[in-house]
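Engineer: Would you mind keeping the following structure in view while I ask a few things?
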Amino acid sequence: MSNYKINTKCVQSGYTPGNGQPRQIPIIQSTTFKYDTSEDMGRLFDLEEAGYFYTRLQNPTNDYVAAKIADMEGGTAGMLTSSGQAANFFALFNICECGSHIVASSSIYGGTFNLISVTMAKMGITTTFVSPDCTEEELDAAFQDNTRAVFGETIANPALTVLDIEKFAKAAHAHGVPLIVDNTFPTPVNCRPIEWGADIVTHSTTKYMDGHGAAVGGAIVDSGNFNWMAHAAKFPGLCTPDESYHGITYAEKFGQGGAFITKCTAQLMRDFGSIQSPQNAFLLNLGLESLHVRMARHVENGRAVAQFLQNHPKVAYVIYSDLEGDPYHELAQKYLPNGGCGVVSFGLKGGREAASTFMKGLKLAAIETHVADARTCCLNPATSTHRQMNDEQLKAAGVPAELVRMSCGLEDKDDLIADLAQALDGIK
Ligand SMILES: *Cc1c(COP(=O)(O)O)cnc(C)c1O
């Protein structure tokens, strides 16, 4: 891990060209890699030496970018995946198996909720969901003998709740399991969960890291802080010999800083093949080079929009942890002192009908399900993604009819506010 500040890491970490080598990260557009002898290749297969043999498992372009993200998060190792979904699945499945149990914050991305509560349940992995606002006692009570991981999102998509990372880390560690934090929304520019006790960090790089809506991707970073061997009985996959790799014990051979990512690559990437394409890794790196500059603007625009909406007579409420009076303001000041992200949610006084009129009135902000890229977009779940639900069902799902989620892009904030103002004026 380098000692540079996060702004420098965004630009420079991960790839250092030698004399006469390309300044920009080369895209290694090759499925396979050539060796002089079978024995050379054999040493790679035995994990005796580091190197590349097949891009389903590893590719140099990806590894440069993964090393950058690991450095930005303050971790010891990282890997890229084909999507954020794959990152969260791999991070959990690397230490869970049939019969395992997860403790997860109930305030998480819908895709991750489905992954855990439906698909992983079919694999025999059960989850207890807890409110992110639960007391330490309630959190403690959620653990079982077979609990293997705790999961939460720094800023939840779309609820925008802020996770008390220290509270969740303390509980996880008291029960001898790691805390996995999805840090997609703040990015390591605005929060580094490892500094607050998280053990594994995941990302949907599709969002701010790429930042241009160009490439779907994910990333996993290991802090190197979790002592697997001290809890060896819980983590046999890391702490006992892997027969599919000639009896290697990952935690012994690769140590605390390398075991998790090596196992995740050697087993899960080998078997599931959810690799990011090197082309997409290259695009991701272009995004990372300006991430620190862009996040500051996303936050600036988010703040300006949130303040404007808060004072508007047609707006019932605004959800943005940067605002004083937001239920998560105190946690945000602790974990997100430079701001969180550019996503603001708000409720319109006129319910579903007002929301529909408002959405039709928008000129600059596009209607999209996406968030966190350069162009501002808005979503009213009641009239789009959740339109089959009635008002009661919408409320229960945490997306009441009047709710609009706005992802503030990188445009001029005056133009964004003017667009909102005229769309709000259209509501009778
Ligand atoms: C979008 C998102 C995901 C899923 O990522 P994909 O890249 O779409 O697979 C996971 N977590 C959070 C917080 C997200 O916003």
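Engineer: Considering only the range 320-327, I want to know if a residue exists there that is closer than 16 Å to K207 by Cα, buried (at least 20 other Cβ atoms within 10 Å of the Cβ) and touching a Ser or Thr at 6+ places or on another chain (Cβ under 9 Å).
Structural biologist: no
Engineer: Taking into account only those residues within the range 115-168 that are away from the ligand (no atom under 16 Å from the Cβ), hydroxyl-bearing (S, T, Y) and in contact (Cβ under 8 Å) with a residue 12 or more places away in the chain, which is farthest from Y335 (Cα to Cα)?
Structural biologist: So the residue we want is T126.
Engineer: Of all residues being over 22 Å from G273 (Cα atoms) and either part of a helix (DSSP H, G or I) or away from the ligand (no atom under 14 Å from the Cβ) (or both) in the range 78-105, which is farthest from the chain's Cα centre (by Cα)? Just the residue, please.
Structural biologist: G99
Engineer: Next question. What are the residue pairs meeting all of these: first residue in the range 200-220, first residue more than 16 Å from M79 (Cα to Cα) and in contact (Cβ under 8 Å) with a residue 12 or more places away in the chain, second residue near the ligand (Cβ under 8 Å from one of its atoms) and of a type in the set (F, W, Y), Cβ atoms under 9 Å, and 6 or more apart or on different chains?
Structural biologist: Within 9 Å, the pairs are K207/F185; Y208/F185.
Engineer: Does K263 satisfy the condition of being under 30 Å from M79 (Cβ atoms) and crowded, with 20+ Cβ neighbours inside 10 Å?
Structural biologist: When the stated conditions are applied, K263 passes them.
Engineer: Something else: Could you run through the range 94-111 and say how many residues are surrounded by 22 or more Cβ atoms within 10 Å (Cβ to Cβ), modelled with pLDDT of 95 or more and not small (G, A, S)?
Structural biologist: Total satisfying the criteria: 5.
Engineer: Assess whether A332 counts as being more than 16 Å from the ligand (Cβ to nearest atom), in contact with a Gly (Cβ under 9 Å, 6 or more places away or on another chain) and either closer than 29 Å to L284 by Cβ or aromatic (F, W, Y) (or both).
Structural biologist: Here the answer is yes, as A332 does meet what is asked.
Engineer: Checking the condition among the polar types (S, T, N, Q) and touching a residue at least 60 places away in the same chain (Cβ under 8 Å), which residue from S244, S223 passes?
Structural biologist: Going through S244, S223 in turn, just one is among the polar types (S, T, N, Q) and touching a residue at least 60 places away in the same chain (Cβ under 8 Å): S223.
Engineer: What's the number of the condition S407 fails, among (1) surrounded by 15 or more Cβ atoms within 10 Å (Cβ to Cβ); (2) more than 22 Å from the chain's Cα centre (by Cα); (3) closer than 20 Å to Q307 by Cβ?
Structural biologist: All conditions are met except number (2).
Engineer: Can you name the condition, by its number, that K207 falls short on among (1) away from the ligand (no atom under 16 Å from the Cβ); (2) closer than 19 Å to E289 by Cα; (3) basic (K, R)?
Structural biologist: It fails just one condition, (1).
Engineer: Which count do you get for residues in the range 159-211 that are in a loop (DSSP other than H, G, I, E, B), farther than 30 Å from L379 by Cα and of a type outside the set (D, E)?
Structural biologist: 6
Engineer: Tell me, yes or no, whether the range 222-234 has at least one residue that is in a loop (DSSP other than H, G, I, E, B), more than 10 Å from the ligand (Cβ to nearest atom) and closer than 22 Å to E289 by Cβ.
Structural biologist: Our first condition is that a residue be in a loop (DSSP other than H, G, I, E, B); within the range 222-234, this holds for 223-227, 232-234.
Filter once more, keeping what is more than 10 Å from the ligand (Cβ to nearest atom): 223-227, 232-234.
If we keep only those that are closer than 22 Å to E289 by Cβ as well, we get none.
Within the range 222-234, none of the residues are in a loop (DSSP other than H, G, I, E, B), more than 10 Å from the ligand (Cβ to nearest atom) and closer than 22 Å to E289 by Cβ.
The values are calculated or read from the model by the stated rules, or taken from the named source; none is laboratory data. On a predicted model such as this, the values are computed, not experimentally measured, just so you know. Note: ideal-geometry Cβ built from the backbone for every residue, glycine included; neighbour counts use all protein chains shown.
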